[in-house]
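K.L.:
To start, I am sharing the structure in question, which I have written as structure tokens.
The values are calculated or read from the model by the stated rules, or taken from the named source; none is laboratory data. Everything numeric here is computed off the predicted structure, so don't read it as measured data. Ideal geometry is used to build each Cβ from the backbone, glycine not excepted, and the neighbour counts take in all protein chains shown. Ligands, DNA and RNA are excluded from the accessible area calculation, which covers all protein heavy atoms including side chains. Shrake-Rupley method; radii C 1.70, N 1.55, O 1.52, S 1.80 Å.
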Amino acid sequence: MNDGQAHFDPAAPLPLLPGHSSGGRLERVLRQGRFAVTAELNPPDSADPRDVYERALVLSEVCDAINATDASGANCHMSSVGICSLLTRAGYAVIMQISCRDRNRIAIQGDVLGAAAMGVANILCLTGDGVQAGDQPAAKPVFDFDSTSLLECITTMRDKGHFLSGRKLTTPPRVFLGAAANPFAPPYEYRAVHIAKKIAAGAQFIQTQYCFDVPLLRKFMDQVREQGLHKKAFFLIGVGPLPSARTARWMKNNVPGVHIPDAIIERMEKAKDQRAEGKQLAIDLIQEIKEIEGVSGVHVMAYRQEEFVNEIIQASGVMRNRQQRRAVEPAATS
Amino acid sequence: MYAVRLWSVRHARGLNAFYRAFEKALIALHPLWNKIGYEKLEKPFESVERVTKGFLFDCQMCGQCALSSTGMSCPMNCPKNLRNGPCGGVRDNGHCEVKPEMKCVWVQAWEGAARMGLQADHGAKILDVQRTVDNRLKGKSSWLRVVRIAKGLEDQAGNKPKPPAAKPGSTKDLAAVAASVEAKKEGQAA
Ligand code: SF4
């Protein structure tokens, strides 16, 4: 480590701290009790690495890790493995998403090893949207794992050092494991219990679906605290700017798992400048969410509006006191 | 049948109680099954299981029944085959993301488990983490498997326990060693 230097190389792997599962920045930020910000990178429909770097650049200034999505919405894009390989090479902290929809256990376990070897420190285990939702509805859905059994598998690889089959690994993957939660879809009363199960299977951080309904989130977080889950995993709540009332209505009806209350759509409709209103709404949501006990951070998903992420995070004030962090981190944490 | 499947979840408690008694009987009858031979029983058991569970639960014959852990709602009817809980796509009305006309299998499962009693150990089995499906078991009788596992004839992964290694020094072994030594000697002599 380049101790004591004002500038440090982001690509240099951080040493494993006692009690940490990964050498990643996200785990450190969360374990230090700081409010964390993650952001989703919209994967390009292109084979040009610059498309990835351009998008990463605007996000990286304001977030602790970038999520590389795995054909989310069952739409084909550049793969999460591909994006992670580009981003880790450039020194970015990434969260590799793995969906159970497209690959079986042989492919996924191999990808986990490959990812860890490239320097991926965080993996988010997802079920994945059904193929009917995307641009390739004729595809064969795989679902060899579900998100919980996938978590259990990677936890086993990391902590017990073997594949699902029992075959030994010579170097286990040092990864911080995440799972998704959707507090905004039925069965509401069991969503927290379901998360308890994912935590039991190895989830260490949770990223939620878009939150547009704070009362519903509060109810979920009440259940989370009742079961003490916020002490076992870090909860990052999903937020994002709505570009317009029309898109909001479209998302509500067409994107699986997205719940947008009518009041929010009305607020958007009434606004003179809907884009600006969507941005303001995201800022308001973050400020409200960060006050809820048990919330450890936010996960920003700004579909085709990356340029807003910076403004939203800055305006919400969650990164205040963090401007210094990057420069002093090596000295502060080693 | 979809309507019967919903009925079964509403009666999860009774059906589970019945199954537990049935399982006990099956295990108790192991000497009989053993005599007939598990191989021979596979076909008839599989047919009965397919018909009865097919009728009651729309059972898909995964061969490793999870009904007791899923509130009597067969998880293999979930288009994503989820065995640990619902996906994030459940619609506001509790219906399935993939098949909008069907109630989400996992919304049903939690209802069934609540009927079985989430505090009691039966319903609470829904909290157990289910490992990945063993695709080799598809189409086989899960009832016979339960008995075989209970009787130690195979483990969860379907492996038969290794026969205990022959005790070193047993007369049979010594005879074999002696024979091979003799054979080698003869070979050298020739
Ligand atoms: S909504 Fe329910 S039944 Fe449909 S895919 Fe998701 S978990 Fe399975």
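K.L.:
Mind telling me which of the residues B:Gly54, B:Gly63 ends up being assigned to a loop (DSSP other than H, G, I, E, B), more than 14 Å from chain A (Cβ to nearest Cβ), surrounded by 15 or more Cβ atoms within 10 Å (Cβ to Cβ) and away from the ligand (no atom under 16 Å from the Cβ)?
P.N.:
None of the other options fit; the residue is B:Gly63.
K.L.:
Being open to solvent by less than 30 Å² (accessible area, probe 1.4 Å), within 14 Å of another protein chain (Cβ to nearest Cβ) and out of contact with any Pro (no Cβ under 9 Å at 6 or more places or on another chain) is the requirement here; does B:Gly85 meet it?
P.N.:
yes
K.L.:
Still on this structure, please answer the following. Mind checking which residues of the stretch A:124-160 are in a helix (DSSP H, G or I) and of a type in the set (Val, Ile, Thr)?
P.N.:
Across the stretch A:124-160, the qualifying residues are A:Val131, A:Thr148, A:Ile154, A:Thr155, A:Thr156.
K.L.:
Right, next: Checking the conditions here, which among A:Val52, A:Val81, A:Val58 is more than 27 Å from A:Ala107 (Cα to Cα) and touching a helix residue (DSSP H, G or I) at 6+ places or on another chain (Cβ under 8 Å)?
P.N.:
Sole residue among the options that is more than 27 Å from A:Ala107 (Cα to Cα) and touching a helix residue (DSSP H, G or I) at 6+ places or on another chain (Cβ under 8 Å): A:Val58.
K.L.:
Does A:Arg101 meet the test of being open to solvent by 40 Å² or more (accessible area, probe 1.4 Å), within 9 Å of another protein chain (Cβ to nearest Cβ), over 14 Å from the mean Cα position of the chain (by Cα) and farther than 21 Å from A:His20 by Cβ?
P.N.:
no
K.L.:
Just the residues that are on the phi < 0 side of the Ramachandran plot, modelled with pLDDT under 95 and in a loop (DSSP other than H, G, I, E, B), please, taken from the stretch A:76-92.
P.N.:
A:Ala90, A:Tyr92, listed by residue number.
K.L.:
Among residues belonging to the stretch B:92-132 that are more than 15 Å from the ligand (Cβ to nearest atom) and basic (Lys, Arg), point out the one that is nearest to the other protein chains (Cβ to nearest Cβ).
P.N.:
Top of the filtered list is B:Arg131.
K.L.:
Here's another thing I want to ask about it. Assess whether A:Phe212 counts as being more than 30 Å from A:Leu113 (Cβ to Cβ), facing chain B (nearest Cβ under 10 Å) and of a type outside the set (Ser, Thr, Tyr).
P.N.:
No: the conditions fail for A:Phe212.
K.L.:
Hey, another quick one. Mind checking whether some residue in the stretch B:72-79 is away from chain A (no Cβ under 12 Å) and in a helix (DSSP H, G or I)?
P.N.:
Yes: one or more hits.
K.L.:
Return the total of residues in the stretch A:171-195 being touching a strand residue (DSSP E or B) at 6+ places or on another chain (Cβ under 6 Å) and either of a type in the set (D, E, K, R) or assigned to a helix (DSSP H, G or I) (or both).
P.N.:
1
K.L.:
Quick one: in the stretch A:196-206, of everything that is in contact with a strand residue (DSSP E or B) (Cβ under 6 Å, 6 or more places away or on another chain) and either facing chain B (nearest Cβ under 9 Å) or touching a residue at least 40 places away in the same chain (Cβ under 8 Å) (or both), which residue is nearest to B:Gly88 (Cα to Cα)?
P.N.:
Among those residues, the one meeting the criterion is A:Lys198.
K.L.:
From (1) in contact (Cβ under 8 Å) with a residue 24 or more places away in the chain; (2) open to solvent by less than 20 Å² (accessible area, probe 1.4 Å), pick out the condition that doesn't hold for B:Cys96.
P.N.:
(1)
K.L.:
A further question on this structure: Go through A:Gly130, A:Gly82, A:Gly119, A:Gly114 for me and flag whichever is over 23 Å from A:Glu311 (Cα atoms), within 14 Å of chain B (Cβ to nearest Cβ) and of a type in the set (Gly, Ala, Ser).
P.N.:
A:Gly130
K.L.:
For A:Lys252, which of the numbered conditions (1) modelled with pLDDT under 95; (2) in a loop (DSSP other than H, G, I, E, B) fails to hold?
P.N.:
(2) is the only condition that A:Lys252 fails.
K.L.:
What is the number of the single condition among (1) more than 16 Å from the ligand (Cβ to nearest atom); (2) surrounded by fewer than 20 Cβ atoms within 10 Å (Cβ to Cβ); (3) at the interface with another protein chain (Cβ under 10 Å from one of its Cβ atoms); (4) aliphatic (A, V, I, L, M) that A:Leu151 does not meet?
P.N.:
Going through the list (1) more than 16 Å from the ligand (Cβ to nearest atom); (2) surrounded by fewer than 20 Cβ atoms within 10 Å (Cβ to Cβ); (3) at the interface with another protein chain (Cβ under 10 Å from one of its Cβ atoms); (4) aliphatic (A, V, I, L, M), A:Leu151 breaks only (2).
K.L.:
The conditions are (1) outside any loop (DSSP other than H, G, I, E, B); (2) surrounded by fewer than 20 Cβ atoms within 10 Å (Cβ to Cβ); (3) within 14 Å of chain A (Cβ to nearest Cβ), and B:Ile149 fails exactly one of them. Which is it?
P.N.:
Condition (3) is where B:Ile149 drops out.
K.L.:
If you don't mind, there's one more thing I want to ask. Does any residue of the stretch A:161-170 turn out to be over 14 Å from A:Phe235 (Cβ atoms) and part of a strand (DSSP E or B)?
P.N.:
Yes, some residue in the stretch A:161-170 is over 14 Å from A:Phe235 (Cβ atoms) and part of a strand (DSSP E or B).
K.L.:
Before we move on, is B:Asp155 within 16 Å of the ligand (Cβ to nearest atom), surrounded by fewer than 21 Cβ atoms within 10 Å (Cβ to Cβ) and part of a loop (DSSP other than H, G, I, E, B)?
P.N.:
no
K.L.:
Restricting the search to the stretch B:67-82, which residues are within 13 Å of the ligand (Cβ to nearest atom), open to solvent by 10 Å² or more (accessible area, probe 1.4 Å) and in contact (Cβ under 8 Å) with a residue 24 or more places away in the chain?
P.N.:
Answer for the stretch B:67-82, where residues must be within 13 Å of the ligand (Cβ to nearest atom), open to solvent by 10 Å² or more (accessible area, probe 1.4 Å) and in contact (Cβ under 8 Å) with a residue 24 or more places away in the chain: B:Cys74, B:Asn77, B:Cys78, B:Asn81.
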